[in-house]
Amino acid sequence: MQLSDFNFDLPDELIARYPLETRSASRLLHLNADGTYQDHHFTDILDLFEEGDLMVLNDTKVMKARLKGKRATGGAVEVLVERIFDQTIAHCHIKASNSPKAGAELFIGSDEVKVTVTGRHENLFVVEFSQPILQVLDAYGQLPIPPYFNREAEAIDTERYQTVFNDPTKLASVAAPTASLHFDQELLAKLAQKGVNKTFVTLHVGAGTFLPVRTTDIENHIMHSEWCEVSEAAAKMIQETQARGNKVIAIGTTATRAVESAAQACGGKIGAWTGDTQIFIYPGYQFCIVDWLITNFHLPESTLLMLVSALSSKENILKAYQHAVENKYRFFSYGDAMLIEKASV
């Protein structure tokens, strides 16, 4: 299967670089199991979801992971903290005029914080901070909004690039689980009143989610690693939902990857699981858990576009995307949403 199979033309003006005034005011394109689709508003999920269905949401929180600083020689650098291992050690992306070597010292916040490069791990730098990392991020960091926004993070992003249900103790992502950005407390309360259940899993989103696929044959692509957790309580709720014949509805591709990773680790059935996942879902993958998926519109030739194509089909997704372009849906992280049903067998 070729990378070019997942290309489509997207006018730049359809990229949503700022959120709507109200979280739940976005549009929703509903792609049915048979490939037909209908235009909705996001709040129409109140009619589309049924009593007893289960929403699976990712409760991770986005770090202010982007730090700007300088080298000892004065040259500008940017450090993006990808993964924290203890109070002072992390794996990071570093942008600089020249790639720093082991032993290089970088300085953040008027030289108050020293960051020492100690080595490499795959495509990341291993660094040691002179102060606790989370304190440094809180004092000097910026939210790492997606590169396609083509702007710096602003005050509005502080609230709107986080979900309303994030767990402050799970501050470890460098990108938001953006399908969940459409939910506000009022909509969640109405869903609960209807009898639609919810449970939380955790997947700490890495910067690799924005990296392009560089292989012509997608089966040769190697996914970046991300940490995730499916708790015993979440696994039990999924089991109970499946047993009574209701739908498991993943809210976002990260929630999808978490529960499908847990199922892969547990012999094809959901179970409690914690670990690193590099699961790559593309057409031909047989879903174990997810029946329906709410997700945003994704970049051409991205692994996320491949994932949604696996749940429906490449042909169905590209046809629906063409409809979205023609009808001026808003794309990407602050854009509109899709509700995708698993394709009929």
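For D111, the requirement of being open to solvent by 10 Å² or more (accessible area, probe 1.4 Å) and either more than 20 Å from F297 (Cβ to Cβ) or charged (D, E, K, R) (or both) is met. Of all residues in the range 211-223, those satisfying the criterion of being open to solvent by 30 Å² or more (accessible area, probe 1.4 Å), of a type outside the set (S, T, N, Q) and in a loop (DSSP other than H, G, I, E, B) are L211, P212, R214, H221, I222. Whether a residue is open to solvent by less than 20 Å² (accessible area, probe 1.4 Å), modelled with pLDDT of 95 or more, touching a helix residue (DSSP H, G or I) at 6+ places or on another chain (Cβ under 9 Å) and of a type outside the set (D, E) was assessed, and S261 does not pass this test.
Scanning the range 159-213 for residues that are under 18 Å from R23 (Cα atoms) and of a type in the set (S, T, Y) yields a total of 4.
Of the residues in the range 229-241, none is open to solvent by 30 Å² or more (accessible area, probe 1.4 Å), under 27 Å from G335 (Cβ atoms), at pLDDT 95 or above and out of contact with any Pro (no Cβ under 7 Å at 6 or more places or on another chain).
Note on the range 328-342: residues that are open to solvent by 20 Å² or more (accessible area, probe 1.4 Å) and within 20 Å of T22 (Cβ to Cβ) amount to 2. Within this structure, D5 passes the test of being open to solvent by 10 Å² or more (accessible area, probe 1.4 Å), under 22 Å from M306 (Cβ atoms) and not basic (K, R).
Results for (1) under 25 Å from A155 (Cβ atoms); (2) more than 23 Å from the chain's Cα centre (by Cα); (3) assigned to a loop (DSSP other than H, G, I, E, B); (4) aliphatic (A, V, I, L, M), shown as yes or no for each residue.
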| residue | (1), (2), (3), (4) |
| --- | --- |
| L29 | no, no, no, yes |
| A33 | no, yes, yes, yes |
| Q38 | no, yes, no, no |
| T43 | no, no, no, no |
| L57 | no, no, no, yes |
| K64 | yes, no, yes, no |
| T73 | no, yes, yes, no |
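The number of residues in the range 114-141 that are loosely packed, with under 15 Cβ neighbours inside 10 Å, over 15 Å from T88 (Cβ atoms) and of a type outside the set (D, E, K, R) comes to 2.
Residues that are farther than 24 Å from P168 by Cα and at pLDDT 95 or above within the range 131-149 comprise just one, F149. Residues that are under 21 Å from L211 (Cβ atoms), in a strand (DSSP E or B) and of a type outside the set (K, R) within the range 77-116 comprise V77, E78, V79, L80, V81, E82, I84, A90, H91, C92, H93, I94, listed in sequence order.
Does R151 fit the bill of being part of a loop (DSSP other than H, G, I, E, B), surrounded by fewer than 16 Cβ atoms within 10 Å (Cβ to Cβ) and charged (D, E, K, R)? When the stated conditions are applied, R151 passes them.
Close Cβ contacts (under 7 Å, 6 or more residues apart or on different chains) running from residues in the range 182-201 that are within 15 Å of F42 (Cβ to Cβ) and of a type in the set (A, V, I, L, M, F, W, C) to residues that are open to solvent by 70 Å² or more (accessible area, probe 1.4 Å) and not in a strand (DSSP E or B) comprise V196/E51. Out of the residues in the range 35-83 meeting the condition of being among the small types (G, A, S) and touching a Leu at 6+ places or on another chain (Cβ under 7 Å), tell me which one is least open to solvent (accessible area, probe 1.4 Å). Result: A65.
The values are calculated or read from the model by the stated rules, or taken from the named source; none is laboratory data. Computed from a predicted model, the values in this text were never measured in an experiment. Heads up, the Cβs are rebuilt from the backbone with ideal geometry, glycines too, and the neighbour counts pull from every protein chain shown. Only protein heavy atoms, including side chains, enter the accessible area calculation; ligands, DNA and RNA are left aside. Shrake-Rupley method; radii C 1.70, N 1.55, O 1.52, S 1.80 Å.
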